[in-house]
């Protein structure tokens with residue numbers, strides 16, 4: 001809780017990951033991947049509850065052993081390749097409401113962003129409350145600048161992605177940021193519904209690039225194994 005507002009953390013972890021089979025509980029330096037997110041969530045000061053939304057019994061058991069709650073299993077129709085994260089969140093929130101539990105904000109923590117720290121979570125919570133905004137998303141400054149990006153048409157002709165003169169000095173480029181997937185916070189009101197686009201959350205929480213990794217391919221795991229020893 002922060003300034004009287006309650007915060008529910010939801011960690012989504014389906015069993016059918018494709019790029020890396022059983023990704024969410026794969027062992028990384030002696031710990032299942034999901035534990036890195038659960039551990040930092042437990043250290044955060046302002047989270048009132050931490051639950052894992054999963055369709056998978058093994059992931060549920062691992063998550064419980066790591067200290068998260070799994071009060072229900074997610075239905076299979078919300079755990080396939082076409083499932084939307086917003087629907088997963090709404091399902092979890094509705095299940096908790098049935099149990100008599102209501103919260104002011106939901107905090108989405110994806111286990112595939114395991115370098116995010118507890119203080120990132122707390123700073124994000126403080127920022128959204130102090131700013132009186134309804135939604136927040138974590139971002140990281142991009143290294144590959146969009147001014148230098150190009151598309152290629154069917155005739156192999158190069159076209160600028162942005163309508164900007166790319167002859168300006170690199171140090172004069174405006175800053176661009178990407179949604180890094182580490183933290184999403186949304187106020188639970190009538191504006192949080194099936195049409196909510198989490199990546200379009202309005203308030204930015206800027207994270208250093210050294211905390212940004214998305215575990216999607218085997219090479220990402222190798223990089224994470226190296227980085228986790230440093231941080």
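Go through the stretch 1-35 residue by residue and tally those that are out of contact with any strand residue (DSSP E or B) (no Cβ under 6 Å at 6 or more places or on another chain), more than 19 Å from residue 127 (Cβ to Cβ) and in a strand (DSSP E or B).
Result for the stretch 1-35: 4.
Would the stretch 103-112 turn up any residue that is touching a residue at least 24 places away in the same chain (Cβ under 8 Å) and loosely packed, with under 15 Cβ neighbours inside 10 Å?
No - not one qualifying residue is present in the stretch 103-112.
Taking the residues in the stretch 149-171 that are surrounded by 10 or more Cβ atoms within 10 Å (Cβ to Cβ) and out of contact with any strand residue (DSSP E or B) (no Cβ under 9 Å at 6 or more places or on another chain) as candidates, determine which candidate is modelled with the lowest pLDDT.
Step by step, filter the stretch 149-171, then rank; the result is 168.
Just one of 58, 77 is exposed (fewer than 14 other Cβ atoms within 10 Å of the Cβ), in contact with a helix residue (DSSP H, G or I) (Cβ under 7 Å, 6 or more places away or on another chain) and over 26 Å from residue 137 (Cβ atoms); which is it?
58
Counting only residues that are in contact with a strand residue (DSSP E or B) (Cβ under 9 Å, 6 or more places away or on another chain), within 14 Å of residue 74 (Cα to Cα) and not in a helix (DSSP H, G or I), how many does the stretch 36-62 have?
The total comes to 4.
Are any of the residues in the stretch 43-53 touching a residue at least 24 places away in the same chain (Cβ under 8 Å), touching a helix residue (DSSP H, G or I) at 6+ places or on another chain (Cβ under 8 Å) and surrounded by fewer than 16 Cβ atoms within 10 Å (Cβ to Cβ)?
yes
Do we find that residue 83 is under 28 Å from residue 228 (Cβ atoms) and in contact with a helix residue (DSSP H, G or I) (Cβ under 8 Å, 6 or more places away or on another chain) in this structure?
no
Which condition from (1) over 20 Å from residue 37 (Cβ atoms); (2) in a strand (DSSP E or B); (3) at pLDDT 95 or above is the one that residue 90 breaks?
With (1) over 20 Å from residue 37 (Cβ atoms); (2) in a strand (DSSP E or B); (3) at pLDDT 95 or above applied to residue 90, the lone miss is (2).
The values are calculated or read from the model by the stated rules, or taken from the named source; none is laboratory data. Computed from a prediction, not measured in an experiment: that's the story for all the values here. Every residue, glycine among them, receives a Cβ derived from its backbone with ideal geometry; neighbour counts consider all protein chains shown.
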